[in-house]
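Notes follow once the structure below has been shown.
The values are calculated or read from the model by the stated rules, or taken from the named source; none is laboratory data. Keep in mind that this is a model prediction, so the values were computed, not measured. Every residue, glycine as well, gets a Cβ built from its backbone with ideal geometry; the counts of neighbours run over all protein chains shown.
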Amino acid sequence: PPPPAVVLFEVTPAGRVSVNGKVRGDIPALKRLELRPGRYEIEIRYRKEDPLRRTLDLRSGQEITIRHKFFEPKQLKDIFG
């Protein structure tokens with residue numbers, strides 16, 4: 001079989017990863033996924049923030065990084081008081 005594609009996650013502070021509607025794990029524990037070549041709908045949810053959605057067309061051996069920072073208004077309140 002052809003080598004898988006690799007999806008790396010640089011998402012903070014955390015998130016739940018779904019691939020084609022199926023939960024695959026939680027960031028930060030989930031750092032990477034190996035997927036067969038093909039088209040995928042990736043969704044990452046964190047609390048009540050708007051979800052991050054990406055459609056990926058992955059090729060054999062390809063490595064792609066999804067970078068995103070979820071924002072919570074209370075963080076600014078915590079910083080600026």
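Structure data summary
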quantity	calculated
Residue, nearest to Thr65 (Cα to Cα), within region 5-42, restricted to residues that are of a type in the set (Asp, Glu) and touching a Ser or Thr at 6+ places or on another chain (Cβ under 7 Å)	Glu10
Criterion (at pLDDT 95 or above and exposed (fewer than 12 other Cβ atoms within 10 Å of the Cβ)) met by exactly one of Arg45, Arg24, Arg53	Arg53
Hits in region 1-22 (condition: assigned to a strand (DSSP E or B) and of a type outside the set (S, T, N, Q))	Ala5, Val6, Val7, Leu8, Phe9, Glu10, Val11, Gly15, Arg16, Val17, Val19, Lys22
Any hit, region 58-73, residues being modelled with pLDDT under 95, within 17 Å of Leu8 (Cα to Cα) and of a type in the set (Phe, Trp, Tyr)	yes
